[in-house]
Amino acid sequence: MISRIDLRGGAVTDGVFDRDLLPRAELDVEAALEKVRPICEDVHHRGTAALIDYAEKFDGVTIERVRVAPEAIERALAELDPAVRAALEESIRRARLVHREQRRTDTTVTVVPGGTVTERWVPVERVGLYVPGGRAVYPSSVVMNVVPAQEAGVSSLAVASPPQAAFDGLPHPTILAACALLGVDEVYAAGGAQAIAMFAYGTDECRPAQLVTGPGNIWVAAAKRLLKGRIGIDAEAGPTEIAILADDTADPAHVAADLISQAEHDPLAAAVLVTPSEALAAAVEAELKVQAPAARHAEERILPALAGRQSAIVLVDDLDAGLAVVDAYAAEHLEIQTADASAVAARVRNAGAVFVGPYAPVSLGDYCAGSNHVLPTGGCACHSSGLSVQSFLRGIHVVDYSRDALAEVTRHVVTLAEAEDLPAHGAALKARFDWKVPQSK
């Protein structure tokens, strides 16, 4: 059901080992680029008409407009199951508590008397937020995208989610209801690469955005890569992944359940257990054989994900070696289920989010921890962060020098300009004082 990789016996020495031994999903975004390129160009040139055509081609629905009418959004909220509404409201409340504290404040540094540099934090003016709608429904992704954008002060938010044949070509009503709860009334029934192109180029219904965030499939990731530069992006999200670092104090039933919880997303989802305990490895394997086949999405998602090359139980000599392995893997979600889990978690350097101890499973972070679940995948956590308020802010340096402050540093600027053979740079300062500006020959 799930393979084993044995890194014991010195395979990990002083944190060094062959990282190619670690399991990882194959996601060829480069190959997908050429397939999404004509779609994006078509949306660029034909706008809404192209989006309507792709809704029929890819989603099997006939729509007359892409923007969702306000009354449909209001109706979705009115018809929302009260229990789901209460859960979403609590998710929003907790997310706001966490993300509100991430807002940066402007800082001013006095470099010299009369010379200051201020860093202003300015929100992106308009963002496009993508919410998947393929194998599952993700109102939680509405929360995770919208809340940090709102807390950053973004003035214009638009959400796109694929049209659903079961709902007359509208996005899933729970997604629409989540938008309503958050006060978002600009929603588009568009999915895949064409939705990213809509945000990048704009249409007669949708103004262009400066930034696009949110998870999606390989076609969404490819469109983000293709259009990066025209738009800012958060990341090229790949299949979800969970790594669990556990020792013999962990409950194998909990570990197995948590591995299954992420395997439920997609056949390409990665589920990795790293442990120095062969007894725990065997117990988790036994639990997987019982729990996985009994799960609702066993055949189409969970079992293929667990059996895939991206999932494995990795045996290591000790927790130090285990930490080296999980740092090299740089998981989207990393659980620490060990003795003194807080101390072990404090040593982790590379992870999208870390979940500490037996009562902080990844599922909590997916919905109601207050943290964000839009996180780096595919090992990108070694250099990238998850979605946050900072994702929607730009730092702008404001330089303010008096005449005396500029005069005091002019000789250094002129010296450096001459050293770089850029004399006009120095001349720009000389022109402000009694310096003679050299004439070109």
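Using only the alpha-carbon atoms of the stretch 154-200, report the extent along each of the three principal axes, biggest first, to the nearest angstrom.
32, 26, 10
Would you work out if the stretch 402-441 is rounded, prolate or oblate? Take a ≥ b ≥ c from the square roots of the eigenvalues of the alpha-carbon gyration tensor; rounded if a/c is under 1.5, else prolate when a/b is larger than b/c, oblate otherwise.
Oblate, since a/c reaches 1.5 and b/c is not below a/b.
Grab the chain and count how many Lys pairs have their alpha-carbon atoms under 27 Å apart, sequence gap of 8 or more, or different chains.
6
Helix 252-263 versus the longest principal axis of the chain: what angle, 0 to 90°, nearest 10, using Cα atoms?
Taking Cα atoms only, the helix is inclined about 60 degrees.
Determine the sum of side-chain charges near Leu315: Lys and Arg each +1, Asp and Glu each -1, restricted to other residues whose C-beta is under 9 angstrom from that of Leu315.
Summing Lys/Arg as +1 and Asp/Glu as -1 gives -1.
Give the dimensionless ratio obtained when the Cα radius of gyration of the chain is divided by 2.2 N^0.38 Å.
That works out to 1.16 for the chain.
Work from the charge dipole of the chain (Cβ charges, +1 for Lys and Arg, -1 for Asp and Glu, about the Cα centre) and give the residue of Leu422, Ala257, Pro215 farthest towards its positive end.
The one lying farthest along the dipole's positive direction is Leu422.
Mind ordering 192-203, 288-299 by average Cβ neighbours within 10 Å, highest first?
Put in order of decreasing packing, that is 192-203, 288-299.
Among Leu80, Ala193, Ala294, flag the residue with its Cα farthest along the positive direction of the charge dipole of the chain, charges on Cβ as +1 for Lys/Arg and -1 for Asp/Glu.
Farthest along the dipole direction, towards plus: Ala193.
Once phi is turned into ³J(HN,Hα) by the Karplus curve 6.51 cos²θ - 1.76 cosθ + 1.60 with θ = phi - 60°, what whole-Hz value does each residue of the stretch 274-281 show in order, with x for glycine and proline?
Per-residue couplings from phi come out as 10, 8, x, 9, 5, 5, 5, 4 Hz.
If amide H atoms are built 1.01 Å from N in the plane of the peptide, which residues on other chains or at least 5 residues away come under 5 Å of the amide H of Gly379?
So Gly379 has HN proximity to Glu332.
Can you find, among Leu323, Asn372, Phe355, the residue sitting farthest towards the positive end of the charge dipole of the stretch 290-376, where Lys and Arg contribute +1 and Asp and Glu -1 at Cβ?
Asn372
Net charge within 13 Å of Ser391 by Cβ-Cβ distance, Lys/Arg positive one each and Asp/Glu negative one each, not counting Ser391 itself?
Local net charge: +1.
Can you work out the Karplus-derived ³J(HN,Hα) for every residue in the stretch 74-87? Use 6.51 cos²θ - 1.76 cosθ + 1.60 with θ = phi - 60°, whole Hz, and x for glycine or proline.
Whole-Hz 3J(HN,Hα) from phi for the stretch 74-87: 5, 5, 4, 5, 5, 9, 5, 3, x, 5, 5, 4, 4, 5.
Indicate the gyration tensor shape class of the stretch 221-360 (rounded, prolate or oblate), computed on the Cα atoms with a ≥ b ≥ c the square roots of the eigenvalues: a/c under 1.5 is rounded; otherwise a/b larger than b/c is prolate and the rest oblate.
Verdict is oblate for the stretch 221-360.
Tabulate in residue order the Karplus-calculated ³J(HN,Hα) for the stretch 139-153, using 6.51 cos²θ - 1.76 cosθ + 1.60 with θ = phi - 60°, rounded to whole Hz; enter x for Gly and Pro.
x, 4, 6, 4, 4, 5, 8, 6, 4, x, 5, 5, 5, 6, x
Could you compute the net charge surrounding Ala281? Neighbours are other residues with a C-beta less than 12 Å from the C-beta of Ala281; K and R count +1, D and E count -1.
It works out to a net charge of -4.
Apply 1/(1 + (r/R0)^6) to the Cβ-Cβ distance of Glu420 and Arg120, taking R0 = 30 Å, and write down the FRET efficiency to the nearest 0.05.
For Glu420 and Arg120, the calculated efficiency is 0.60.
Where does each of Ile39, Ile175, Ile260 land when they are ranked from fewest to most other beta-carbon atoms within 10 angstrom?
Fewest-to-most ranking of Ile39, Ile175, Ile260: Ile39, Ile260, Ile175.
Nearest 10 degrees is fine. How inclined is helix 403-419 to the longest principal axis of the chain, computing both from alpha carbons?
80
What are the residues whose amide H is under 5 Å from the amide H of Ile233, where those residues sit 5 or more places off or on another chain and H is modelled from the backbone?
Distant-sequence amide H within range of Ile233: Val212.
Taking the beta-carbon count within 10 Å as an exposure proxy, list Tyr401, Tyr130 from fewest neighbours to most.
Tyr401, Tyr130
Got a sec? How would His254, His99 order by Cβ neighbour count within 10 Å, fewest to most?
His254, His99
For Phe355, which sequence-distant residues (separation of 5 or more, or a different chain) have an amide H within less than 5 Å of its own amide H, given hydrogens modelled in the peptide plane?
Under 5 Å from the amide H of Phe355 lie the amide H atoms of Leu334, Glu335, Ile336, each far enough along the sequence or on another chain.
Rule-based calculations on the coordinates, nothing more; no lab input. Treat the numbers as computed from the prediction; the structure is a model and nothing was measured. Cβ: placed from backbone, ideal geometry, glycine included. Neighbour counts: every protein chain shown.
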